[in-house]
Amino acid sequence: MPVSLTNSKLIYDALKECDIRLVSALPETWLVHLIRLADDDPEMILVRLAKEEEGVGVSAGAHFAGVKSAMLMQNHGFLASINGIVSFAHLYKIPLLMLVSYRGTFGERDPWQTQGGNVTEPLLRALRIPYLFLDALDTVKKRVRQAQTLAESSLQPVALLLTRDLMWEE
Amino acid sequence: MLRLDCLRSVYAELEDCLVVTIMGAVAAELHSLGHRPNFFYLQHAMGLASSTGLGVALCLPEQTVIVFDGDGSLLMNLGSLSTMARYRPKKLVHVVFDNECLLSVGGFPTATSTGTDLEGIARAAGIPRVVKVRSVEDFKIAVANARHGGELTTIIAKVEAQGPAGYVTDLSLLENRFQFRRHIQSLKKQ
């Protein structure tokens, strides 16, 4: 599977440097290494979800408990989380650091991913969720740190879109 | 059995717990008994109260966390039962008030009114201890057992479809949220 282990490790290390102690996740191809890294790390609480929207509640609970968290999801998982984002994270000013694998864009071979790719950014903009791309090695660490900082200071969801250029090796 | 009587029967015991409720009658009735800084009322995002309780419980395993859920909310997030069962925090108590309807929007019947069995679903999802109660006495005992049993417990409490006159309280959502978090942080400093 040509998902980049090196770059997944880079992202994971960047999360650790931000003192992320809980990660909620639903598996998808690009996230397999990240989830395994979290699972193998005794310092990390990994919460494997049935549906991504649960992660909004779990992260809110972690925030109340004083623990920094991150959500790992595919963009379709972001679509499935929108009510939770609006009627919990936005309504109650909950910081969410969302790492979203950006499927269905240029280079996508799986037909079933393509519609989600079309609407991800328009929806992030409509929801006024600040977002940046993780698309190059040299900016990963800085952008993860910046996203986490903004989520905490603004008390709102912030998204990082994990791109094919970073996640896929072929 | 009235939900208000159930809440009243355990109100004193809630003092040293972290409490998360769903919106509507549950929030309004608990609030009417007297708000405390360790109560968080999730006034929207139906289904996520149990997920929120799970998040708190996983991060603070020494704290007793009680979630007051409802049939309508739980039916919107049945997957939460499987996620809770997977991690089964020992001090998480999941109470589901089942009045077989969506009371606060006019009493529309939920699927528990036509035979869906939340007790069976919770058990089959893997929740280690599941109890169904129909009297206030049994409710009180079930909560006490769950608190001290050392096992994730879901309590299905069958209650009347009867609620308060209104649902809006004088506590702002954000005030509640910041107070709840500050309360938890103050516990950690003790």
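The values are calculated or read from the model by the stated rules, or taken from the named source; none is laboratory data. In this text, all values refer to a predicted model and were calculated from it rather than measured experimentally. No Cβ is skipped: glycine too gets one built from the backbone with ideal geometry, and neighbour counts run over all protein chains shown. Quick note on the areas: whole protein, heavy atoms, side chains included, nothing else; ligands and nucleic acids left out. Shrake-Rupley method; radii C 1.70, N 1.55, O 1.52, S 1.80 Å.
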Segment A:120-170: trypsin sites (Lys or Arg not before Pro) in DSSP coil with no more than 11 other Cβ atoms inside 10 Å: A:Arg128
Ordering of B:174-182, B:108-116, B:91-99 by packing [mean C-beta count within 10 Å, highest first]: B:91-99, B:174-182, B:108-116
Threshold 50 Å² - residues in segment A:28-66 whose accessible area is reduced by that much or more when the chain is no longer isolated, probe 1.4 Å: A:Arg48, A:Glu54, A:Phe64, A:Ala65
Probe 1.4 Å - accessible area at A:Asp135, Å² to nearest ten: 60
A:Phe106 versus A:Thr29: modelled label distance in nm, points set 7 Å from Cα along the beta carbon direction: 1.9
In the B-A interface, the accessible area buried, summed over both sides, Å² (probe 1.4 Å): 2300
Antiparallel DSSP beta bridges within chain B, as percent of all bridges there, nearest 5: 10
Rough spin-label spacing in nm, given labels placed 7 Å along Cα→Cβ, for B:His35 and A:Arg164: 5.1
Sequence of B:His148, A:His76, A:His63 when ordered by accessible area, the most exposed leading, probe 1.4 angstrom: B:His148, A:His76, A:His63
Cα centre as origin, Lys/Arg/Asp/Glu Cβ charges: the protein assembly as shown dipole, Debye: 580
Candidates per chymotrypsin sites (Phe, Trp or Tyr not before Pro) in segment A:76-170, loop by DSSP, up to 16 other Cβ within 10 Å: A:Phe106
Distribution of pairwise C-alpha distances over the protein assembly as shown, 10 Å bins, in %: 5, 26, 33, 22, 11, 3, 0
Area accessible to solvent at A:Thr29, 1.4 Å probe radius, in Å²: 50
Listed peptides A:64-70, A:12-18 by packing density, highest first (mean Cβ within 10 Å): A:64-70, A:12-18
Mean-position separation - Cα centroids, segment A:56-105 and segment B:132-190, in angstrom: 24
Carbon/sulfur fraction of accessible area - chain A, other protein chains in place, 1.4 Å, %: 54
Heavy-atom surface of chain B, accessible at 1.4 Å and reported per residue (Å²): 41
DSSP beta bridges in the protein assembly as shown [antiparallel fraction, %, rounded to 5]: 5
C-alpha center-to-center spacing [segment B:13-39, segment B:59-113] in angstrom: 15
Calculated over segment A:72-166: convex hull of Cα atoms, volume per residue (Å³): 81
Dipole of the protein assembly as shown [Lys/Arg +1, Asp/Glu -1 at C-beta], most positive-end residue of A:Trp30, B:Ile22, A:Thr149: A:Thr149
Spin-label pair A:Lys93/B:Ala111, simplified geometry with 7 Å Cα→Cβ offset, distance in nm: 3.8
